[in-house]
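First the structure, in the form of structure tokens, and then the observations on it.
The values are calculated or read from the model by the stated rules, or taken from the named source; none is laboratory data. Just so we're clear, the structure is a prediction, and the values are computed from it rather than from any experiment. Neighbour counts are summed over all protein chains in view; Cβ atoms, including those assigned to glycine, are modelled from backbone coordinates with ideal geometry. Remember, those area values only see protein heavy atoms, side chains included, never the ligands or the DNA or RNA. Shrake-Rupley method; radii C 1.70, N 1.55, O 1.52, S 1.80 Å.
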Amino acid sequence: MKDVTIDRIGEHVGETVTIHGWLHNRRSSGKIHFLVVRDGTGFLQVVMGRNDVPEETFKAADHLSQETSIIVTGAVRADHRARGGYELTASALEVVGPAQDYPITPKEHGVDYLMDRRHLWIRSERQTAILKVRHEVIDAVRDYFNSNGFILADTPIFTPAACEGTTTLFPVQYFDDTTAFLTQSGQLYNEANAMALGKVYCFGPTFRAEKSKTRRHLTEFWMVETEMAYADLDDVIALAEGLLTAIVARVLDKRKNELTLLERDTTKLESVKPPFPRITYDEAARILIDKGLPFQHGTDLGGTDETVLSQRFDRPVAVTHYPAAVKAFYMKPDPERPDRALCVDVLAPEGYGEIIGGGQRLDDYDLLVQRIKEHNLPMEAFEWYLDLRRFGTVPHGGFGMGVERCVTWICGLEHVRETIPYPRMLYRLYP
Ligand code: 4AD
Ligand code: MG
């Protein structure tokens, strides 16, 4: 008897195999038990006839409760009517661990109820499908950078100062008399790494103490950030386009089944091909004002604004040249219009909004010093960062992509909270 996983059961038609999993569902017709077993790789129907197994096994199977861990042995049969196309005719069953009154039953539960039991909820078919898409997105990201000459250089999580603005920092006691902050972005270190290695990326958790209670905000999220030396805004947009195209193509290729289970309309993803449309902030503002939205020209785009803009396009749209005043201190001003920044936000289509933020960095020493002062940031904390402008400064740029926002869009979900195993939000720190 061979140990196999459900995803590869099709390679063993006609053989007797053993699977290790949990009971997902069960129904009986008196003479036959139908057990749906899951093992993490998939779901499989096991058919147990009264005459196929010893009497006590057949009796025991009639009392198995949901999520009991079981080891099942049986013959693999191809059956186009079965889910996944295969079935197992059981010849033996062993109970490993019982499960009494599993709290998540096939009936409908509210989101809060499920979130309180997130450690169990992730066993469901829908949640495992989402987490597999997440895995694929991350794998595609790594593959894309690794095969295009980028070096992985991770950046610290404990940091001495803000990158994206001081209001959203989580402080941490760092030994006796120092306060450290959980990183909001690895960008500043990524810039230093790019000056050492040329093209780099970092990939890790980032933290924002934003008291935002929206469907797009987590307090802890995973961000992949990239930075290139000798690059301008066009290079940054081209890279974002290449990355998103590669991610979507990869998920469509490898995770069709998961997308189908999630009832995702994949034709919408198939149109994600370069070139992506590009509009300036001023053009975006005009669209919003013409539509009658209460948008104030000169302010940052809000969630609703992004939703409205990104519904107009069938693929991600790059919005460039925001007012420098609404963006971070490190943005390079447009030489032709210094009140505009050489920045880009990429908005996912179908109303999903911003998934990428980045741009060209301020590479001039004097102007950078001025910006740090204007933003009331502590100069001492940025001395090392200023060194990058003191010692061989070059035009450079990059961006950050939030993994959860990207997965939310690709899966076609309502909320980012289902795209990470244990979401951290304003009112959610458990489990
Ligand atoms: O636009 P942001 O704030 O950009 C930066 O942090 C830059 N320093 C990145 C860089 O240029 N290296 O964040 C980048 C992306 C957003 O587009 C979004 O996808 C995601 O990070 N993001 C969040 N995702 C979930 N919850 C939040 N609270 C997020 N804030 C940003
Ligand atoms: Mg942003």
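Quick rundown of the values:
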read-out	value
For a label point 7 Å along the Cα-to-beta-carbon line of LYS2, residues of segment 15-40 with backbone N under 12 Å	15-18
For the chain: accessible area per residue (Å², 1.4 Å)	47
Segment 383-401 residues near the modelled TYR365 label - backbone nitrogen below 19 Å, point 7 Å along Cα→Cβ	383-396
Low-density loop positions, trypsin sites (Lys or Arg not before Pro), segment 78-146 - DSSP coil, at most 12 other Cβ in 10 Å	ARG81, LYS107
Largest to smallest principal axis extent of the C-alpha atoms in the chain, angstrom	85, 54, 42
Additional length obtainable on full extension of the chain from ASP314 to LEU293, 0.36 nm per residue less Cα span	5.4 nm
Amide N proximity, segment 35-53 versus GLU125 label position 7 Å along Cα-to-Cβ, cut-off under 19 Å	35-48
For segment 325-367 and segment 199-250, distance of Cα centres in Å	13
Coordinate range along principal axes, alpha carbons of segment 325-381, Å, largest first	43, 28, 16
Inter-centroid distance (Cα atoms) of segment 1-42 relative to segment 251-295, Å	39
Theoretical FRET efficiency, 1/(1+(r/R0)^6), r = Cβ-Cβ of PHE158 and ALA238, R0 30 Å, to 0.05	0.35
Beta bridges by DSSP in segment 264-417, antiparallel share as percent, to the nearest 5	85
Full-stretch length increase - THR18, GLU283 - with 0.36 nm per residue and alpha-carbon distance subtracted	89.3 nm
Efficiency of FRET from Cβ geometry, GLU383 and GLU210, R₀ 35 Å, rounded to 0.05	0.80
Modelled FRET efficiency - R0 56 Å, GLU336 with THR260, Cβ distances, 0.05 increments	0.70
Top of TYR322, TYR385, TYR330 by mean-square fluctuation, Gaussian network on the chain, Cα under 10 Å	TYR385
Within the accessible area of the chain (1.4 Å probe), percent carbon and sulfur	51
Inter-probe distance in nm under a simple model that places probes 7 Å from Cα toward Cβ, at THR304 and ASP112	2.6
Rounded if a/c under 1.5, otherwise prolate or oblate - segment 204-275, Cα gyration tensor axes	oblate
Gain on full stretching of the segment that runs from HIS375 to THR105 - 0.36 nm per residue minus C-alpha separation	92.0 nm
Principal semi-axes in Å for segment 20-68 [√(5λ), Cα gyration tensor, largest first]	19, 10, 9
